[in-house]
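Report on the following structure.
The values are calculated or read from the model by the stated rules, or taken from the named source; none is laboratory data. Remember, predicted model here, so these are calculated numbers, not experimental data. Note that each Cβ is placed from the backbone with ideal geometry, even for glycine, and that neighbours are counted across all protein chains shown. All accessible areas refer to the heavy atoms of the entire protein, side chains included, with ligands and DNA or RNA removed. Shrake-Rupley method; radii C 1.70, N 1.55, O 1.52, S 1.80 Å.
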Number of protein chains: 2
Amino acid sequence: MLRGTFQLMKSVNKTAILNKIRLAGPISRADIAKETGITPPTVSTIVKELMAENLVAESRLGKSKGGRKPTLLLLKEDGSYVIGVDAGSKTIKAIVSDLVGHVLARAEVEIYPHSTNEAFLEQMTAVIRTVLSEIADQCEKVLGIGVAMHGVVEIESGISLYSSKTGLRNVPIKETLEAAFDLPVTVENNSRAMAIGEYWFGDYGYIQRFSVINIGRGVGSGLIVNDKLCYGAQDLTGEIGHVSISLDGDVCSCGNRGCFETFVSGDAIVKRAKKMIQDAPDDLTAEKVYAFAKEGKTDYIHVLEETGKLIGIGIINLVHTVNPDQIVLGGGVMKSADFLMPQIQQTIRERALTEKAKAETKVVISKIGDDATVLGAAALLLTELFY
Amino acid sequence: MLRGTFQLMKSVNKTAILNKIRLAGPISRADIAKETGITPPTVSTIVKELMAENLVAESRLGKSKGGRKPTLLLLKEDGSYVIGVDAGSKTIKAIVSDLVGHVLARAEVEIYPHSTNEAFLEQMTAVIRTVLSEIADQCEKVLGIGVAMHGVVEIESGISLYSSKTGLRNVPIKETLEAAFDLPVTVENNSRAMAIGEYWFGDYGYIQRFSVINIGRGVGSGLIVNDKLCYGAQDLTGEIGHVSISLDGDVCSCGNRGCFETFVSGDAIVKRAKKMIQDAPDDLTAEKVYAFAKEGKTDYIHVLEETGKLIGIGIINLVHTVNPDQIVLGGGVMKSADFLMPQIQQTIRERALTEKAKAETKVVISKIGDDATVLGAAALLLTELFY
DNA sequence: TTGTCTTAGTTAGTTAATTTAATTAAGAAA
DNA sequence: TTTCTTAATTAAATTAACTAACTAAGACAA
């Protein structure tokens, strides 16, 4: 249970000031005091501590507003680094990032087909070694490793329980990496990592309820409320790929029919195209559907427009359940955004419950794009540092 | 922005202690200290204040565990009262309640058909006067009035914007009642009030994510996370009656097709029965469907079983979106629980995404029943008092 | 019955961290 | 050059927690 102690009081203020500098920096001590309501002496004391911890640094002097020039404070970006790993179903990506999402090193490998747990973990270890070698002289600044793993993940133990795409089961990621690198390791579901990446580095500022929907081979989402990821009683928060939007339809990988995922994933788009278009090629992919649409082939445009409508329905369901302040769309399917977004927006205007929601529901395309997940993985460590 | 101040520290501890007494009382100061982690002197100081504020009282002595007998503390139930009003589409109910949900007085009127705003507000004022007159000698103990209003409500202004059932629009409830009684007034949506009532007086203890689904003439829900109601960006959190579970279906009052509400509301049950049963009477109601089912008429049992399945799908959608720790079902339709619940439970076991969720998803029938909404309205005031 | 041990709760004094008020720093404007 | 502003720090005061020691009151065993 939360207890009111001096440490609590202090950490609340420290967190507020650190995040003010992170989000509003460069900023003076005086402005921090004004904007947070914390008194100037307290701000000074805490800033001194943050500088001692190598998290904050003084930069140039600001403009005088009629008196002494303010000393502007900034996050000390290169004071610490974090490693992010994006373990997808086809490749493993790793990066080294600083505190504000600058990528200092990057590496990627393709996963062997029919890989074993051992081979998979060896590949992951190797990619991390590669990026570490690129910052060899600054390795001691690395705070930890965050892993975004596709499929079902047990967060506490850091074990990847199950992946329908690779067939891997019970991969002890956290244990293996902690032993190999002697660094703290956090493992997270890929959609939730993506949400953290987008929120942390997408420059949105503070948003009370922030939701990122990842539409690719599968559909997942991450919900961030008051700067914190939501998990739910059984870690199912955000599994909107398996929300039913139809009483019938194709069988989903989860065994049910009617799942949102079976209507809007990459595979679903291919299936729809083949059904709607007689002369569709056998080796059609979602990428090709988009390519044909861009070439102006109306049949393929219709396929994407239909998909856009269905994505809109899924979004409305999310709006009528948790009503986020900001919804961000990402993942492979959203590369076709130019054909999807108009339909998504129209569906929202048609179906949202109130005039206010029709007008104010905010849906945008991911600002970070492909790197959102791997940066989010890295940011998993930052969350602990900053809160 | 949250600030670390002495007031914060104090209020955190005061809230923790007050709620410990509320939920775990009768309890000794020593046990409060042990269970909250707050030190005994601090507990004593704060308890002294709570007693001075008439919120807490000493009761009998407890059993000695080998030393001095503990003085047990209890909520001073009759120190303050609150008024709750449940303004449905047919009647207005009002009660006076103490701090633990004991009803001291109660009154109810039927709303005039085609009522005007003025007549409606006059009826509401009259019902409140009636219950107040019953506790005439203790009126000064009343802290305020909470109103649970059906339809769309603007919470800040306390205006009822729109009701499809009565046709009323822009009823200035808060303003009118505050002028009439000179007491603080809070107006809330009926499903959210029901959630608060169930959570506050249903004796569940602390539940991190608590959801109440109200299935009656319409379908709504309330979500309580960390003891607080969730609203969302446009106050749409919990509008699961308008989550799409089908790509076609009957037109909903909101104008869309496929809404959850059009499959499981009272009207939907009647429609389903008429469709499935050739000789169904013209004046069939949901109550009658239940009565026939109880008489053993299998056709009607099937209608309810089908409804149970669909409710199950709606619940699974909620689980895969916010994954509550506890889901409570209430409202008129749930009077048929004996036919609905087995199907609901089975659907959850069939469709939940993981084994853990199949086994652990907790769905129960409202413990409070009909009074949940009106007690929740009253509890709106208590929320402020206790947090 | 008396002494010792246990548990409950209070009192006195200490400590952590904020706040207020005063002070220094440094520049702008007249 | 004086006066006014804004920025930041220092010193003292305040808040509300914590520690340690103490009183209260009963259990239990010799």
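In the range B:342-371, burial by the other protein chains removes 50 Å² or more of 1.4 Å probe accessible surface, compared with the chain on its own, from B:Arg351, B:Leu353. For the range A:6-75, the residue among A:Ile46, A:Ala24, A:Leu61 whose Cα projects farthest onto the positive side of the dipole built from Cβ charges is A:Leu61. Quick check: Cα centre of the range B:338-387 to Cα centre of the range A:88-147, how many Å? Cα centres, the range B:338-387 to the range A:88-147: 44 Å.
Between copies, the label points at A:Lys362 (set 7 angstrom from Cα along Cα-to-Cβ) are spaced 3.5 nm, reported in nanometres from shortest to longest. For B:Asp299, the accessible area of its heavy atoms, probed at 1.4 Å with every protein chain present, is near 80 square angstrom. Largest accessible area first, the residues B:Tyr206, B:Tyr300 order themselves as B:Tyr206, B:Tyr300 under a 1.4 Å probe with ligands, DNA and RNA left out. By the rule of a C-alpha distance below 15 Å, with chain neighbours fewer than 8 residues away ignored, the aspartates and glutamates paired with A:Lys367 are A:Glu198, A:Asp203, A:Asp338. By the compact-protein rule of thumb, 2.2 N^0.38 Å, the alpha-carbon radius of gyration of the protein assembly as shown corresponds to a ratio of 1.03. Scalar couplings 3J(HN,Hα) for the range A:377-387, obtained by applying the Karplus form with A = 6.51, B = -1.76, C = 1.60 to θ = phi - 60°, are 4, 4, 5, 4, 6, 5, 3, 5, 5, 8, 10 Hz; x denotes Gly and Pro. With K and R counted +1 and D and E -1, the other residues having a Cβ less than 11 Å from that of B:Leu229 yield a net charge of -1. The listed peptides A:262-273, B:319-330, B:11-22, ordered by packing as a protection proxy, come out as B:319-330, A:262-273, B:11-22 (highest mean of other Cβ atoms within 10 Å first). The mean accessible area for residues of the range B:206-366, using a 1.4 Å probe and ignoring ligands and nucleic acids, is 40 Å² per residue. Protein heavy-atom surface of the range B:206-366, 1.4 angstrom probe: 48% of the accessible area is carbon and sulfur, with nucleic acids and ligands not counted. Using the alpha-carbon positions of the range A:6-75, Rg (one decimal) and Dmax (whole number) come out as 11.5, 37 Å.
Per atom type, the range A:51-191 shows carbon and sulfur on 50% of its accessible surface, probed at 1.4 Å.
Distance from the C-alpha centroid of the range B:71-86 to that of the range B:180-216: 16 Å, rounded to the whole angstrom.
Plainly put, the tip 7 Å out from Cα toward Cβ on A:Pro281 is 6.6 nm from that tip on each other copy, the closest given first.
Backbone amide hydrogens, once placed in the peptide plane, bring A:Leu104 within less than 5 Å of A:Val96, A:Ser97, A:Asp98, excluding anything fewer than 5 places away on its chain. For chain A, the spread of Cα coordinates along the three principal axes comes to 73, 55, 45 Å, biggest extent given first. Using a 1.4 Å probe over protein heavy atoms, the accessible area lost on pairing A with B, summed over both chains, comes to approximately 4600 Å².
Taking amide H positions as modeled 1.01 Å from N, with prolines and chain starts lacking one, the residues under 5 Å from B:Val142 and 5 or more places away or on another chain are B:Tyr81. In order along the range B:35-46, the Karplus-derived 3J(HN,Hα) couplings, from 6.51 cos²θ - 1.76 cosθ + 1.60 at θ = phi - 60°, round to 7, 9, x, 7, 6, x, x, 5, 4, 4, 4, 5 Hz, and Gly and Pro are given as x. Each residue was assigned an accessible area with a 1.4 Å probe, and for A:Cys230 the value is about 30 Å². For the range B:266-333 versus the range A:244-269, the spacing of their alpha-carbon centroids is 25 Å. Summing charges over all other residues whose Cβ lies under 11 Å from the Cβ of B:Ile173, with Lys and Arg as +1 and Asp and Glu as -1, gives -3. List the GluC sites (Glu not before Pro) in the range A:83-169 that DSSP assigns to loop (not H, G, I, E or B) and whose Cβ has at most 15 other Cβ atoms within 10 Å. Which are they? Sites meeting the loop and neighbour criteria: A:Glu156. Taking every C-alpha pair closer than 8 Å and separated by at least 6 residues, the mean separation divided by the residue count of the range A:15-96 gives a relative contact order of 27 percent. Only Cα pairs under 8 Å and 6+ residues apart enter the sum, and on that basis the relative contact order of chain B stands at 15 percent.
With the label put 7 angstrom out from Cα along the Cα-to-Cβ vector, A:Gly79 ends up 4.5 nm from the copy partners, going from closest to farthest. Go ahead and estimate [θ] at 222 nm for chain A from helices alone: -39,500 (n - 2.57) per DSSP H run with n ≥ 4, summed, over the residue count, rounded to 500. Value at 222 nm, helices only, nearest 500: -13000 deg cm²/dmol. Relative to the Cα centre, the charge distribution of the range B:1-155, modelled as +1 at Lys and Arg Cβ and -1 at Asp and Glu Cβ, gives a dipole magnitude of about 1240 debye. Take A:Asp182: with every protein chain present and a 1.4 Å probe, its accessible area is about 130 Å².
Amide H to amide H distances under 5 Å link B:Tyr162 with B:Val152, B:Asn170, where only residues 5 or more positions off or on other chains count and H is placed in the peptide plane. Note that the range A:205-366 carries a Kirkwood radius of 16.1 Å, evaluated over its alpha carbons pair by pair. Working note: Debye formula, equal point scatterers on the alpha-carbon atoms of the range B:231-294, no solvent; log10 I(q)/I(0) at q = 0.18, 0.20, 0.25, 0.27 Å⁻¹ is -0.72, -0.82, -1.02, -1.09. Phi angles across the range A:276-289 convert, under the Karplus curve 6.51 cos²θ - 1.76 cosθ + 1.60 with θ = phi - 60°, into 3J(HN,Hα) values of 7, 10, 5, 8, 5, x, 5, 8, 5, 10, 4, 4, 5, 4 Hz, Gly and Pro given as x.
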